[in-house]
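Input: a single structure, listed below in C-alpha cells.
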Amino acid sequence: MSVVFKKTRGLTDTPLSYCPGCTHGIIHRLVAECLDELGILDQTIAIASVGCSVMSYEYFNCDSIQAGHGRAPAVATGAKRVHPDKIVFTYQGDGDLASIGTAEIVHAAHRGENITVIFVNNAIYGMTGGQMAPTTLVNQVTTTSPFGRDVSLQGEPIRMSELISTIPGASYVERVMAADPISVRKAKAAIKKGFERQMNKGGFSMIEILSSCNIGWGKNPSDSLKYIKNEMAAYFPLGVYKDKEKPV
Amino acid sequence: MKGRVTFAEDTCKGCGLCVEFCPKHILTLDTTRINSIGYNPAYCLDQENCIACAFCALMCPDSVITVERIDV
Amino acid sequence: MSKVLMKGNEAIAKAAIYAGCKAYFGYPITPQNEITEYMAKYMALSKGVFVQAESEIAAINMVYGAAGAGVRTMTSSSSPGIALKQEGISYCAGAELPAVIVSVSRGGPGLGNILPAQSDYNQATRGGGNGDYKVFVLSPNGVQEATDMVRHAFYLADKYRNPVMVLADGMIGQMMEPVELNIEPLETIEKPWAADGNLERGYRNIINSLYLNSKPLEEHNHVLNAKYLEWEANEVMVDYYQCEDATVLLVAYGTPSRIVKSAVNKLRAEGIKAGLLRPKTLYPFPSKEISALCPQVEFVLSAELSMGQMVQDVRLAVNGQVPVYFYGRTGGVVFEDKEIVDAVKSHLGGVK
C-alpha cells in the first residue's frame, strides 16, 4: 500500500470552521501543501486578513500575524523587509484586497515586495453576511445590492489580476479557479509557482483564485462550483497576466 | 491497480463534493445517520472499484479523505 | 560624545538609530519630514530598513508587521497622520507589540496648519483607536530631551510590549539646539513571542488581537490593564521648578513649558510664589504629584497651546481641592510669558 493522498502537515489539527463545501478549505489545503512540499513551512510567516478567513492563523501550521482589514500587504511588507530570508504570504478575500485594501495591494506590487499574495475572490462579503463586493458580478443579488448590482450606481466588477499586472513591480500574476479537480490542480501549480518565485527572490506574485460562497450565493456546493466555472470565469478570464521574473 | 479511501468521519461536513467528482461514482452521503458534528458523513459504497485517482481528496475542503494505492 | 547643534527632527531620527531602531516606516507630512528624510539616508547606511509607505495607515501597519516579527521599529508623523494611525495603534496595543510612534504635532482640527500646537493631548493620551488600551506618552521640552525620550521610548516599548508615543511639536521638530546624543547601544531583549518564521523553536507564534469569546477577551483586557497600572505606579516622570514653597501652581508640558518657566521667574520677581510642575509623561499622568501640591496652593493653572485638553486631567488630579484654571492659545499661536503672568494675576485673590 502506498499513500496517494493524506492530510498535509502544513495544516494544524484544528477543524476548519468554514461552511460545508467552501472553497476556502480547498485553497487553505493547497497553500499548506505547497509550503510543506517546497520545504519552507518552518520558515514561513502567514499574514492573516479579515473576512471568513480571519482565523487562518488557527489552520496554517506556521507563524502568523493577524492584520487589520485590507492591511495585510503592508503588514507583510514590514515582516518581509526585516526578515528577507523568511517566506511571507498574505491570504486575502475580495473585500480585504479589492475594497479597503486597494492602496496596500497596489503599493506592495508597485514596490515589488518579494511576497506571495493568495487572493480568494468569491464576489461577495461572506463573513459579514453576504454584502456586495467590488468583484460582485453585474446583476448579482447581495444584501447590499438587493435588486442586483446596478452598473450605473455601483460600477462594474473590478478585475484585480488585470490591474495588478500593469504595475511594473509585479512579477507573477495569474488567475485560476477552484471549480473541479483539474482546475484545483492548476490552482495548486500556480500557488506553488508563486512561492517558488519568492524563494528565488523573483519579486511580487499574486494568485487570484475564483472561489465560491455557498451561503452568500444561496447555492449548494455543487451549483456554486458550476457558477464559478460558467459565470465567474466568463467575466474574470483565467490565465497568466504577468510572468516576468525580476533579475536577481 | 486498486485504491482504498478512508474517511475521518467526524470532520466531514457532508458537502457532497467528493460524491460529485468521483469518476467511478462510488461515494455517497450516509443519510441514515449524522456524525458528531451533525452532518451526513460521506463514505465509500464500493471500495472494489476505487482507482485511487484522489479526485475526492482533491475536492474535499476539510482533508477528510486519505487515499491509498494497493500495489498489485 | 560632545554637544552638537542639531535640528530637532534629525536629532530624533539619529537618536532612534542609536537606540537600535532597525526599521522605519513613514510618510511625508509637515512639520516632521526631516525625520523621514534622515531615515531614508541613514537607515540604508546603517543596514536598517526604510520604506516610504503609501500612507500613514500603511506605515503603522508595516510597523505592526515588523514589530510582530520581533524587530525594533518606529514610525513618525504629525497630527492628521497620527489620526490615520489610530487603528494600527489599537492593533499594536491589543497584540502587545513594541512600537515607537513619534508625533510632531501641529494645529488642528482637520488639516489645521503646520505650526506648533498641543491640541493632540487627547489624541495621544485617550487614543482614537477602539477598545480599552493606553499608549505610553512621553513629551519632551526641547531637542535634547526629545533624543533622550526617543531612546527611553524604545526601552519602554520592548519592556512592556506596548506602543509608546513621543509627543513633540513643530517647534522641537524645526528648531536647532545643542544636543549630546547617547551613543551607547540600547540593550536588546529576547522576544520568544515573535512571529519571525523560526519554527526550530518548537512552537508556532501567532500575533493577534482577536479573541472571539468573551471570557478570554476580558482576561486579555485585564492583562493589558495590569501594564498600565504598573506604569502609573512606577513610570511617571515629572519636573518640578520652584514648587517647594509655591502658592500658585502652573502645569505645562512640552516647549511651552519653557515659556511658563520664564513666567514663573517674572512672577517671583514680583513677589508671587509661582511654581511649575511639568509632566514629562502625559500618560501615566502625574496625578499624585499634582494632588500632593494642592494643600499649599491657592489655585492651579494649566497652560497649553490648545483649547484645553490637559486641564481635564489636571482637574481630575486636583479633585476639587482648589480651583483649576486654564490659559491657552492655539492654531499655531504661541503664548508669551507676559500672557501667563497676566493670567495668573487675574486669578489671584479669589475666583474670577
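The values are calculated or read from the model by the stated rules, or taken from the named source; none is laboratory data. In this text the structure is predicted, and so the values were computed from the model without any measurement. Note that each Cβ is placed from the backbone with ideal geometry, even for glycine, and that neighbours are counted across all protein chains shown.
Some observations on this one:
- Of residues in the range C:111-151 being assigned to a loop (DSSP other than H, G, I, E, B) and among the polar types (S, T, N, Q), the one farthest from residue C:14 (Cα to Cα): C:130
- Test: residue C:44 is within 14 Å of another protein chain (Cβ to nearest Cβ), in contact with a strand residue (DSSP E or B) (Cβ under 8 Å, 6 or more places away or on another chain) and at pLDDT below 95: yes
- Here residue C:195 meets each of (1) touching a helix residue (DSSP H, G or I) at 6+ places or on another chain (Cβ under 8 Å); (2) more than 13 Å from every other protein chain (Cβ to nearest Cβ) with one exception, condition (2).
- Of the set (1) surrounded by fewer than 21 Cβ atoms within 10 Å (Cβ to Cβ); (2) at negative phi, all apply to residue A:190 but (1).
- The residues of the range C:9-27 that are away from chain A (no Cβ under 14 Å) and either more than 24 Å from residue C:113 (Cβ to Cβ) or crowded, with 24+ Cβ neighbours inside 10 Å (or both), listed by number, are C:9, C:11, C:12, C:13, C:14, C:15, C:16, C:17, C:18, C:19.
- Against the list (1) crowded, with 20+ Cβ neighbours inside 10 Å; (2) not in a helix (DSSP H, G or I), the condition residue C:5 fails is (1).
- Selection within the range A:211-225 - within 12 Å of another protein chain (Cβ to nearest Cβ) and under 18 Å from residue A:184 (Cα atoms): A:211, A:212, A:214, A:221, A:222, A:223, A:224, A:225
- On inspection, residue A:32 qualifies as farther than 23 Å from residue C:62 by Cα and under 14 Å from the mean Cα position of the chain (by Cα).
- Of the residues making up the range C:170-222, those that are among the β-branched types (Val, Ile, Thr) and either surrounded by 15 or more Cβ atoms within 10 Å (Cβ to Cβ) or not assigned by TED's automatic domain parsing to the domain that holds residue C:10 (or both) are C:172, C:179, C:206, C:207.
- Qualifying residues in the range A:91-105 (those that are touching a Pro at 6+ places or on another chain (Cβ under 6 Å) and of a type outside the set (A, V, I, L, M, F, W, C)) - the one nearest to the other protein chains (Cβ to nearest Cβ): A:104
- Restricting attention to the range C:227-243, the residues that are crowded, with 20+ Cβ neighbours inside 10 Å and in contact with a Ser or Thr (Cβ under 9 Å, 6 or more places away or on another chain) add up to 0.
- Any chance residue A:18 is facing chain B (nearest Cβ under 7 Å) and within 17 Å of the chain's Cα centre (by Cα): yes
- Residue among A:75, A:50, A:88 that alone is away from chain B (no Cβ under 11 Å), part of a helix (DSSP H, G or I) and modelled with pLDDT of 95 or more: A:75
- Test: residue A:39 is in a loop (DSSP other than H, G, I, E, B) and either among the basic types (Lys, Arg) or under 30 Å from residue C:43 (Cβ atoms) (or both): no
- Within the range C:73-99, restricting attention to residues that are more than 14 Å from every other protein chain (Cβ to nearest Cβ) and not hydroxyl-bearing (Ser, Thr, Tyr), the residue that is farthest from residue C:61 (Cα to Cα) is C:80.
- Looking only at the range A:62-72, and only at residues there that are more than 7 Å from chain C (Cβ to nearest Cβ) and of a type outside the set (A, V, I, L, M, F, W, C), the one that is surrounded by the most Cβ atoms within 10 Å (Cβ to Cβ): A:70
- Test: residue in the range C:84-105 that is in the same structural domain as residue C:25 (by TED's automatic domain parsing), without any contact (Cβ under 8 Å) to a residue 60 or more places away in the chain, among the acidic types (Asp, Glu) and out of contact with any Asp or Glu (no Cβ under 8 Å at 6 or more places or on another chain): yes
For every residue, the table says whether it meets (1) farther than 29 Å from residue C:159 by Cβ; (2) in contact with a Cys (Cβ under 6 Å, 6 or more places away or on another chain).
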{"position": "C:227", "(1), (2)": "no, no"}
{"position": "C:257", "(1), (2)": "no, no"}
{"position": "C:271", "(1), (2)": "yes, no"}
{"position": "C:304", "(1), (2)": "yes, no"}
{"position": "C:319", "(1), (2)": "yes, no"}
{"position": "C:322", "(1), (2)": "yes, yes"}
{"position": "C:325", "(1), (2)": "yes, no"}
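- Residue match in the range C:160-172 (condition: more than 15 Å from the chain's Cα centre (by Cα), in a helix (DSSP H, G or I) and either within 14 Å of another protein chain (Cβ to nearest Cβ) or modelled with pLDDT of 95 or more (or both)): yes
- Flag for residue C:190 being within 23 Å of the chain's Cα centre (by Cα), charged (D, E, K, R) and either part of a loop (DSSP other than H, G, I, E, B) or closer than 25 Å to residue C:61 by Cα (or both): no
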